[in-house]
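Trainee: Before we start, here is the structure in question, set down as structure tokens.
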Amino acid sequence: MRVASFNILHGRSTGDGVVDPDRLREAVRLIDADVLGLQEVDRAQSRSHGIDLTAVAAEAMGATDVKFFPALTGTPGEGWHPPRASDPVDVAAYGNALLSRLPVRSWTTVRLPALPVRRPRDEPRVAIGATLDGVTVFTTHLSYLPPWNRVQLHRLLSALRRVPGPQLLTGDLNIDGPMPRSLRDWSPLVDALTFPADTPRVQLDHVLARRCTPVVHSVQVLELPLSDHRAVVVDVDVKP
């Protein structure tokens with residue numbers, strides 16, 4: 001199974017600032033994942049021309065099961081509020097997406113609150129999990145604010161303890177340093193620099209495993225035609 005994580009920077013390329021769906025399609029095809037976690041995903045945002053970025057990625061990947069889970073309704077850095085059940089399905093939103101070419105038996109979602117003292121850029125965060133045959137794959141994107149991102153990570157890991165079976169956790173954890181790779185009960189599958197994409201100096205993007213003995217066949221860290229992050233790609237067999 002090929003598992004990947006990619007913070008897509010709402011589809012924008014850093015070289016020219018353009019959001020081009022063809023670049024996103026090219027990136028997703030190059031990744032060629034069976035399960036793909038995307039972070040910083042726009043839906044119906046003017047800055048990304050109203051494009052449903054999840055749908056673009058799903059078509060390029062050939063995904064059969066897809067879930068976009070908004071972290072907020074509105075526009076990051078402008079007017080927004082935490083998602084509400086009454087929000088229209090086509091309202092502007094921003095969050096994470098999880099896409100799979102393998103059958104998904106069930107979905108899990110976890111909400112992670114923003115820092116209680118409001119900061120200009122701090123926002124609610126989310127995690128999505130897809131239970132496949134033999135493993136549940138999660139993706140998330142944590143706060144850029146230390147130490148709040150560590151608080152969010154520990155809250156997320158506490159929630160994941162209630163999910164049975166082997167697990168893979170992917171995403172932009174926004175934590176620089178050894179901590180994500182040294183979490184108790186979790187095994188890191190990627191040890192490589194991922195940010196910024198052109199000359200990476202830190203690893204923010206991870207794939208971690210728990211309750212299984214993964215056999216890793218290959219690891220790739222890809223600079224792609226969009227985003228300020230590199231994608232992390234792991235070919236792995238998950239054995240309980």
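Taken together, the values in this text are just the output of simple stated rules run on the coordinates, not laboratory data. Bear in mind the structure is a predicted one, so any value in this text is a computation, not a measurement. For neighbour counting, all protein chains shown are included, and Cβ atoms are generated from backbone atoms with ideal geometry for every residue, glycine included.
Trainee: What is the projected area of the convex hull of the Cα atoms of the stretch 2-237, averaged over all directions, in nm²?
Mentor: 11.8 nm²
Trainee: If you don't mind, another one. Please give the calculated 222 nm ellipticity per residue for the chain, where each DSSP H segment of at least 4 residues contributes -39500 (n - 2.57) and the sum is spread over every residue; nearest 500 deg cm²/dmol? Don't jump to the answer; show the numbers that get you there.
Mentor: Working: 3 runs with 33 residues, N = 240.
The helix-only estimate for the chain comes to -4000 deg cm²/dmol at 222 nm.
Trainee: Along the positive direction of the dipole of the chain (beta-carbon charges: Lys, Arg +1; Asp, Glu -1; about the Cα centre), which of V151, P76, Q203 reaches farthest?
Mentor: V151
Trainee: What is the order of V219, V56, fewest Cβ neighbours within 10 Å to most?
Mentor: The fewest-first ordering by Cβ neighbours comes to V219, V56.
Trainee: Along the charge dipole of the stretch 2-237, Cβ charges K/R +1 and D/E -1, which of T139, T170, T109 sits furthest on the positive end?
Mentor: Final value for the positive-end residue is T109.
Trainee: Sticking with this structure for a sec: Taking the DSSP beta bridges in the chain as the whole, what percent of them are antiparallel, to the nearest 5?
Mentor: Taking every DSSP beta bridge with both residues in the chain, the antiparallel ones total about 80 percent.
Trainee: Something else now. In whole Å, what is the distance between the alpha-carbon centres of the stretch 170-240 and the stretch 1-30?
Mentor: What the calculation gives is 17 Å, centre to centre.
Trainee: Which order do W80, W148 fall in if you start with the one that has the fewest other Cβ atoms within 10 Å?
Mentor: The most exposed by this proxy come first: W80, W148.
Trainee: Order by neighbour count: H141, H154, fewest other Cβ atoms within 10 Å first, most last. All intermediate terms of the calculation are to be shown ahead of the outcome.
Mentor: Values: H141 28, H154 11.
Ranking H141, H154 by Cβ neighbours within 10 Å, fewest first, gives H154, H141.
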